[in-house]
Amino acid sequence: MSRIIVITSGKGGVGKTTTSAALSMGLAQRGHRTVVIDFDVGLRNLDLIMGCERRVVYDFVNVINHEANLNQALIRDKRCDNLYVLPASQTRDKEALTKEGVGRVLDELSQSYEFIVCDSPAGIEHGATMAMYYADDAVVVTNPEVSSVRDSDRMLGILASKSRRAETNAEPIRELLLLTRYDPPRVETGEMLSVKDVQDILSLDLLGIIPESKAVLTASNAGVPVILDRESDAGQAYSDAVSRYLGEEVPHRFMTAEKKGFFNRLFRG
Amino acid sequence: MAVNSRSSTGEASPAFELKAAGFTLPVIRLLNGNMEVLAEQIGAKVEQAPDFFRNTPVVIDLGAFPDGTEVEFPLLVGLLRGYGMIPFGVRGGNKAQNVAAEAMELAILGDAYLRPTKAAPEPAPETPRRGLPTFTLVTRPVRSGQEIYAAGGDLSVVASVSSGAEVAADGNIHIYGCLRGRALAGNRGNADARIFCQDLQAELVSVAGHYRVAENIPADLRGVPVQVFLDQKVLRIERI
C-alpha cells in the first residue's frame, strides 16, 4: 500500500524542495522504495538539490503526454538504490499537468513504490493543486513568521476542500507541520514566532522543527540532500522527522537556544 | 345505525380545508395597446417553447400600460387562450380597466398578492427555513480563505477560525476556539443574532450588518471569551 505525500506551503522559499529531498532520501535510506516528483514545472529545482541535474533525459510532462514511459524518465539516485527522482519539465508550464495525467502516473508509481513524495510549487494555483490533489499525507512546510503561517493556513484550507479525498468524502488528508528555518535565539528575543505560536494558529501535529542552519545552503549547492549531512543539526532534525513520520516517538530537539559556554561569554564582544 | 346517522349529520369529516398557498406564475406585462403587434410577438415567443405555455395560468400586468389607451380584453383573452394559456387575472390596472377585466371574469389581483417575477422564486428556499431551523456544525479549523455560511440557522465551530477566514450565519454564531478571522451573525438582518466566542482576536465582527473591525475592538476584550450583540442598533462586545 503506497502513500502519496505532498510537501506544500503556499509561500515560496520556505524549504519545500529541501524538505522533499531530505524526507525522500530519509525514507529510502530506511529501506522504503521511494520516488520523489518535482511538480514545479517551468521552475524545476529538485534535480539540482538531488544532484541529478546532469542525468535528466525525459521528465514528468513527457510521461503525462505519453512521450516517454516512466522507466525512461525516472532517475535512480546514486547514493541510495531505493530512491528515484521524477524531474519536472523546465520548458513547459504548469498547465501541462492534467488531473488525469497526474492520476495515471501516480497510479502507475504506486504499483512499485511505497512512498511517493510530491514536491509542490509555491502558490495555490494549478501546479500546487495538482501536487496535492491525490495526496494521502501533507507535510506543510512553514517558517516561523506571520506571512508564511497564513499561507500555510490557506493551503490547509485547500487541502481540506479541493483534494481527491475531500471530493470523494474519504478520510481527510493527514496534515503534518514541519517548521523550518527555526532560530531559537531569535524566538527568545521575540523576533520570531515560537513553535507554540505557530501551533496555536495552525493546530496541526508537529512533524519536526528544522533549525536555521548553514548546512542547508551548503548541501543544496552541492546537490546533496541535507539529511545526508549527519553532523549538521538540520540533517539530524530531518532524520528525526522521518522517524516520526514512520511512527516512532522521537522527542523534539533544537527548540531552545544552546547555552553559551564560558569561553563564549568571556570573549563576547 | 349509529355510524350511518353520524355520517348523515353535519359532523362528518370535513370535505375541504381552506388554506393559503403561493404560486409562481408567468406575468404578461403589457407595454402598449397594439393588439396586432402583441399577437405577432406572443406568437413568436410561444413558438420557441410551445410546451411551456400550454395550459399555463398567466396574469396580465397593466402596471406599464400607457394611460388613456383602452385594453381590448376580449381580444387579449382570446389571443392568450388561442396559444393555450389560461389568463385568470389582472393586476396593476386602473378602475376602468378593472371593471372591464371583471366583465371578462378575470380576477383582480392586488399588487401585494403577486410580487414582481424577479422576487417570486425566493419564497421556495424560505419555506424549509421557517419550518425547521437548520444548524451547521464545523469541527475542523476554518482556514484562511475558507468561507462558511450557515443559511437559515446557527453555526457552531468547535475549532478556531483563522485570520483570513470568514464564517457567517443567518442566526447565532458560536466559536469554541479562537476567532481570528471574520464572523457575521444575523446575515439576513436578524438583529437578535449574537456571536459567542471563547477567544476574540477577530478581524471583523458583525451582527445584522453592524460591524466593527479589529482596530475598533478594545484591547481588554481581545483574547477573552465574549459575546457580540446589537443593543439599540449599536454593536456591543461584552465579556462573558
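The values are calculated or read from the model by the stated rules, or taken from the named source; none is laboratory data. Please read all numbers here as calculations on a predicted model, not as lab measurements. Please note: Cβ atoms are built from the backbone with ideal geometry, for glycine as well, and neighbour counts cover all protein chains shown. Keep in mind that these areas ignore ligands, DNA and RNA; they rest on the heavy atoms of the full protein, side chains included. Shrake-Rupley method; radii C 1.70, N 1.55, O 1.52, S 1.80 Å.
Before moving on, here are some points about what is shown:
- Nearest 10 degrees, 0 to 90: helix A:146-162 Cα axis against chain A principal axis: 30
- Per-atom-type breakdown for chain B gives carbon and sulfur 54% of the accessible area (1.4 Å probe, protein chains only).
- For the protein assembly as shown, the per residue solvent-accessible surface stands at 53 Å², with DNA, RNA and ligands left out and a 1.4 Å probe.
- Computed log₁₀ I(q)/I(0) - Debye formula, equal Cα scatterers, no solvent, chain B, q 0.12, 0.14, 0.15, 0.17 Å⁻¹: -0.78, -0.85, -0.91, -1.08
- Note on A:148-158: average number of Cβ atoms from other chains within 10 Å of each residue's Cβ is 6.
- Kirkwood-Stokes translational diffusion coefficient of the protein assembly as shown, alpha-carbon pairs, 20 °C, 1.002 mPa s, µm²/s: 75
- Where A:ARG30, B:ARG180 fall by accessible area, highest first, once all protein chains stay in place (1.4 Å): A:ARG30, B:ARG180
- Buried area at the B:A interface is about 1000 square angstrom, summed over both chains, from accessible surfaces computed with a 1.4 angstrom probe.
- Relative contact order of the stretch B:27-114, pairs being alpha-carbon contacts under 8 Å that are 6 or more residues apart, as %: 30
- Here the extension length gained between A:SER147 and A:ALA170 equals 5.2 nm, from 0.36 nm per residue of separation less the Cα-Cα distance.
- Rounded if a/c under 1.5, otherwise prolate or oblate - the stretch B:134-239, Cα gyration tensor axes: oblate
- Accessible surface of A:LEU206 - all protein chains present, 1.4 Å probe, nearest 10 Å²: 30
- Normalised by the number of residues in the stretch B:134-239, the average gap of Cα pairs under 8 Å and 6 or more apart makes the relative contact order 18 percent.
- Seen from B:LEU204, the other residues with C-beta closer than 12 Å to its C-beta sum to a net charge of 0, counting Lys and Arg as +1 and Asp and Glu as -1.
- Computed from the C-beta positions of B:GLU40 and A:ARG79, the FRET efficiency with R₀ = 60 Å rounds to 0.10.
- Sorting A:GLU108, B:GLU70 by accessible area puts them as B:GLU70, A:GLU108; the probe is 1.4 Å, largest comes first, and only protein heavy atoms count.
- A:ARG54 versus B:ARG29: modelled label distance in nm, points set 7 Å from Cα along the beta carbon direction: 7.6
- Calculated FRET efficiency for the pair A:ASP197/A:ASN71, C-beta based, R₀ 60 Å, to 0.05: 0.85
- q = 0.08, 0.14, 0.15, 0.16 Å⁻¹, chain A: log10 I(q)/I(0) [Debye, one scatterer per Cα]: -0.31, -0.92, -1.05, -1.20
- Distance between modelled label sites at B:GLU70 and A:GLU108, nm, 7 Å Cα→Cβ extension: 8.3
- Computed log₁₀ I(q)/I(0) - Debye formula, equal Cα scatterers, no solvent, the stretch A:72-139, q 0.13, 0.20 Å⁻¹: -0.39, -0.95
- Spin-label zone in the stretch A:162-176 - amide nitrogen under 11 Å from a point set 7 Å from the Cα of B:ALA159 along the C-beta vector: A:172-173, A:175
- If you bin all the Cα-Cα distances of the stretch B:27-114 at 5 Å, starting from zero, the percentages per bin are 3, 15, 27, 27, 18, 9, 2, 0.
- Relative contact order of chain A: 24 percent, from C-alpha pairs under 8 Å at least 6 residues apart in sequence.
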